Amino acid sequence: MSQEDAHREVSGMSTGFPPIARADARVLVLGSLPSEASLRAQQYYAHPRNAFWNIMQVIAGAAGGYASRCRALEQRGIAVWDVLQRSVRPGSLDADVDMASAVPNDFAGFFAGHRQVRLVCFNGRKARAMFRRLVLPGLSLPGVGFALLPSTSPAHASLSFAAKLDTWRGIIEPQLRQGQQQ
């Protein structure tokens, strides 16, 4: 067990990952904070029942191993990150995030280096709520739209995969097509 893993177990602190993003990204998909399965695997959306990668396979051709899936997202202009850099969260549920310990990622720096982002998509309500509370008041993002997407988490079982996929495609694909035309 690494020292960081030991610290995480003792303190309950979860620390996120760097973004998957090229400078020419047009769409940014934001989650809240990596789950326990993602932290163990050191990969975004690693829980086997999370629908994210299945949806991204349809939208962006993200198939194969993790590195290959990430490259496919980057090539299609899709960036992935989390709202939080770190926070105490026992377990994997967004409802368990301790907002008093929540530290957001550096979005001013991100948007300065990714000036073509025109759409920020929230993978669930909690990511949107945290972004609005912790990030948006300090940012000016003219020309950037925002969209709430149904969570891909297995905990969000009220929608079928097909319904989630339809919503994600309907919001993300037009933005990607628009980017190809420019």
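The values are calculated or read from the model by the stated rules, or taken from the named source; none is laboratory data. Everything numeric here is computed off the predicted structure, so don't read it as measured data. Note that each Cβ is placed from the backbone with ideal geometry, even for glycine, and that neighbours are counted across all protein chains shown. What goes into the accessible areas is simple: the full protein's heavy atoms, side chains included, and nothing from ligands, DNA or RNA. Shrake-Rupley method; radii C 1.70, N 1.55, O 1.52, S 1.80 Å.
Computed FRET efficiency, Cβ-Cβ of Thr167 and Leu139, R0 35 Å: what is it to the nearest 0.05? FRET efficiency, Thr167 to Leu139: 0.90.
Calculate for the chain the 222 nm mean residue ellipticity that helices alone would give, adding -39,500 (n - 2.57) per DSSP H run of length 4 or more and normalising by residue count, nearest 500 deg cm²/dmol.
Working: 7 runs with 73 residues, N = 182.
Using -39500 (n - 2.57) per qualifying helix, the result is -12000 deg cm²/dmol.
Element breakdown for the range 143-182 at a 1.4 angstrom probe: carbon and sulfur atoms account for 51% of the accessible area.
In vacuo Debye scattering of the chain, one point per C-alpha: log10 I(q)/I(0) at q = 0.12 Å⁻¹? Each listed q maps to, in turn, -0.54.
What are the trypsin sites (Lys or Arg not before Pro) within the range 115-182 that DSSP puts in a loop, where the Cβ has at most 12 other Cβ atoms within 10 Å? Don't skip to the end; give the middle numbers.
Numbers: sites: Arg115, Arg118, Arg125, Lys126, Arg128, Arg132, Arg133, Lys164, Arg169, Arg177; in loops: Arg115, Arg118.
Qualifying residues, ordered by number: Arg115.
Taking 0.36 nm per residue of separation and subtracting the Cα-Cα distance, full extension of the segment from Gln75 to Ser160 would add 27.8 nm.
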